[in-house]
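The structure appears below as C-alpha cells.
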Amino acid sequence: MLLNYKRLGDFIKEVNIRNNDLKVKRLIGVSIEKKFINSVANVVGTDMSIYKIINKNQLACKLMSVGRDEKLPVDLYTNEEPSMISSAYYVFESISDEILLSEYLKMWLFRSETDRYVGYVSGGDVRGGISWDTFCDMPIVIPHIEKQAEIVREYHVIQNRMALNNQLITKLEETAQAIYKQWFVDFEFPDENGKPYKSNGNRMIWCEELEKEIPEGWKAGFLNHISKIEDGDRGSNYPSKDDMFEKEFCLFLGANNVSRSGFKFEENIFITKERDELLRKGKLKRHDIVFTTRGSSIGKMGYYSNYVPFDHIRINSGMVIFRCTSKNHALYLFTVLKTSDFQKEIKGFFSGSAQPQLPIKDIIKIPILIPKEGLIIQFSQLVEIIQDNIDIYTSQNKYLIHLEKLIFSKMTKVEIEKV
C-alpha cells in the first residue's frame, strides 16, 4: 500500500504516576542530546512525592523551549529499576507493542526531521514550547510490526558498533594519559640506559615557577612558548544563522564538535566558500589544536590530524587555535590539555560573571612543563600511533552516523499496511 501518515497521539498514551510513597530515589532528566542523565538539581527541602515515575520501555520528553533549541529532548528508558523525573517532563508509552514498538517510536522521535517539526509548530510560543496536544498531532509512519522490528535491528547493529568504537577510543585515551603521567608527572620516562629516570637516581632540580622538582634540563614555560594562539574572526563577516547549511564548502565548528578528549562529527554545520573567503582569521591547518574558551564548554578540544575528513574547517567565536611549530609539539600539547590537572588549572584563570571566559590574554599566563626536545619527540611518536587509531575509530563513527541517518530516512519510505 502507499505510504501515509498517522497521528502520533492515536498510538501513545501519557503516563502520570507520582512518587507518592517516596520509594524511588534516583532522579534523572533528558539532555539536549536525547540521553537520560542523572539530575544535578538541588532537591534539598523538595517534596519528592510530586515527581513522576518512569519505568522500563516508557519514554520521557520535555516540550518547553523546543523551538528555541530546535531539539526535542526525548529518550527511551531501558533500566529495570524505575527512576524519578521532574513533572516538567511528559512520560508516555506505546498503547501496544503489537502495533508500535517502543524502540521504533524512539527512533522516529530521534530523527532530525522531528526536531525541525517541533521547532516549526512552536512558532507562536514566546519560549518556543509546544503543548502535549500539539505533540500528539505529530505525524508518524507506522509500518507492519515485523518491518518495525527489522528497522530497529538495523539501528541496533549500528549503535552497538559505535558503542564498541567508543569503548576502544576511551581505552586508547586512557593509555595515552597513563604514558603521560608516567613520563611527565612521575618522571619515570626512559633514561639514556632505558631505565626509569627518577627511581634510578637521575638528577632532579627545584623549579621555583612550578614549586616542585623536575628533571635536569627541563623548564617551566607558558602555552605560548610552544604554540601560537589565534582566535577566530569576530568582525562583520562572521556568519549568521542564515549563512549556515547542512552541506557546504567549509565546516564551521560548534561546541558539539569538540569534547574533553577530541573532535566529534555527529552534527555538523557548514558555510559557503564565499563566506569562508570573507573571514580573515580562524581557519585550521593540519595538526592545529582547537580549544573552547567560553561558557560551560571551556576546555573542550580537538586535534586536526590527517584523518579528520574535512579539508576546510573554521572555529567559532568561542574557540582559539593552538598552532605549534611541529607535529611533535602539537601531540605533546594536545595530551597536556586533556589531563585532569590542566583542566583544574585553567579554572583559576576564568573571567566573567554571567558567562565564564578564558581569553588569550589569560591563556598565555597558564604555566606548562616543557621537557627536553628529544623526549617530546620520543613521546609524540608513541602518542601519534594512539591518536591515529582514535581518529580511525572516530572516522568510522562518522560513517556509521551517516548509515544511521539513512535508516531514519528509510522510516518514511516503507510501504505500510492499514493499522
Exercise for the section: Please work out which one of (1) in a loop (DSSP other than H, G, I, E, B); (2) modelled with pLDDT under 95 is the condition ARG68 fails and give its number. Expected result: (1)
Handout entry: Of residues in the stretch 189-203 being in a loop (DSSP other than H, G, I, E, B) and touching a Phe, Trp or Tyr at 6+ places or on another chain (Cβ under 6 Å), the one farthest from THR339 (Cα to Cα)
Key = ASP191
Handout entry: LYS285 being closer than 29 Å to ILE386 by Cα, surrounded by fewer than 21 Cβ atoms within 10 Å (Cβ to Cβ) and out of contact with any helix residue (DSSP H, G or I) (no Cβ under 9 Å at 6 or more places or on another chain)
Key = yes
Problem - Top-ranked residue of the stretch 317-326 - restricted to ones that are out of contact with any helix residue (DSSP H, G or I) (no Cβ under 7 Å at 6 or more places or on another chain), touching a residue at least 40 places away in the same chain (Cβ under 8 Å) and surrounded by fewer than 20 Cβ atoms within 10 Å (Cβ to Cβ), ranked as farthest from ILE271 (Cα to Cα) - result: THR325
Exercise for the section: Within the stretch 300-321, count every residue that is part of a loop (DSSP other than H, G, I, E, B) and hydrophobic (A, V, I, L, M, F, W, C). Expected result: 3
Problem - Test: THR170 is β-branched (Val, Ile, Thr) and either exposed (fewer than 14 other Cβ atoms within 10 Å of the Cβ) or outside the structural domain of ALA330 (by TED's automatic domain parsing) (or both) - result: yes
Exercise for the section: Examine the stretch 69-84 for a residue that is crowded, with 16+ Cβ neighbours inside 10 Å, without any contact (Cβ under 8 Å) to a residue 40 or more places away in the chain and of a type in the set (Lys, Arg), and state whether such a residue exists. Expected result: no
Problem - Those residues of the stretch 93-143 which are of a type in the set (S, T, N, Q), in contact with a helix residue (DSSP H, G or I) (Cβ under 9 Å, 6 or more places away or on another chain), at pLDDT 95 or above and surrounded by fewer than 19 Cβ atoms within 10 Å (Cβ to Cβ), in sequence order - result: THR134
Problem - Criterion violated by TRP206 - all others in (1) in the same structural domain as LEU358 (by TED's automatic domain parsing); (2) not in a strand (DSSP E or B) satisfied - result: (2)
Handout entry: Selected residue (criterion: surrounded by the fewest Cβ atoms within 10 Å (Cβ to Cβ)) from residues of the stretch 230-264 that are aliphatic (A, V, I, L, M) and modelled with pLDDT of 90 or more
Key = MET244
Problem - Which numbered condition LYS413 misses (of (1) surrounded by 15 or more Cβ atoms within 10 Å (Cβ to Cβ); (2) not assigned by TED's automatic domain parsing to the domain that holds GLY295) - result: (1)
Completion exercise
For helices (runs of 4 or more DSSP H) lying entirely in the stretch 335-419, having 3 or more residues that are under 30 Å from ILE298 (Cβ atoms), out of contact with any Lys or Arg (no Cβ under 7 Å at 6 or more places or on another chain) and among the hydroxyl-bearing types (Ser, Thr, Tyr) picks out 373-410
Exercise for the section: State all residues of the stretch 360-402 that are of a type in the set (A, V, I, L, M, F, W, C) and in contact with a Phe, Trp or Tyr (Cβ under 7 Å, 6 or more places away or on another chain); if no residue qualifies, say none. Expected result: ILE364, ILE366, ILE368, LEU369, ILE370, LEU375, ILE376, PHE379, ILE392
Practice task
Take LYS34 and decide whether it is in a loop (DSSP other than H, G, I, E, B), at pLDDT 95 or above, within 25 Å of the chain's Cα centre (by Cα) and within 26 Å of ASP97 (Cβ to Cβ).
Solution key: yes
Exercise for the section: Check THR175 against each of (1) without any contact (Cβ under 8 Å) to a residue 24 or more places away in the chain; (2) more than 20 Å from the chain's Cα centre (by Cα); (3) not assigned by TED's automatic domain parsing to the domain that holds GLN58; (4) not in a loop (DSSP other than H, G, I, E, B) and name the one condition it does not meet. Expected result: (1)
Problem - LEU210, sole failed condition from (1) surrounded by fewer than 16 Cβ atoms within 10 Å (Cβ to Cβ); (2) of a type in the set (A, V, I, L, M); (3) at pLDDT 95 or above - result: (3)
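The values are calculated or read from the model by the stated rules, or taken from the named source; none is laboratory data. None of these values were measured; they are calculated from a predicted model. Because the Cβ atoms are built from the backbone with ideal geometry, glycine has one as well, and the counts that use them run over all protein chains shown.
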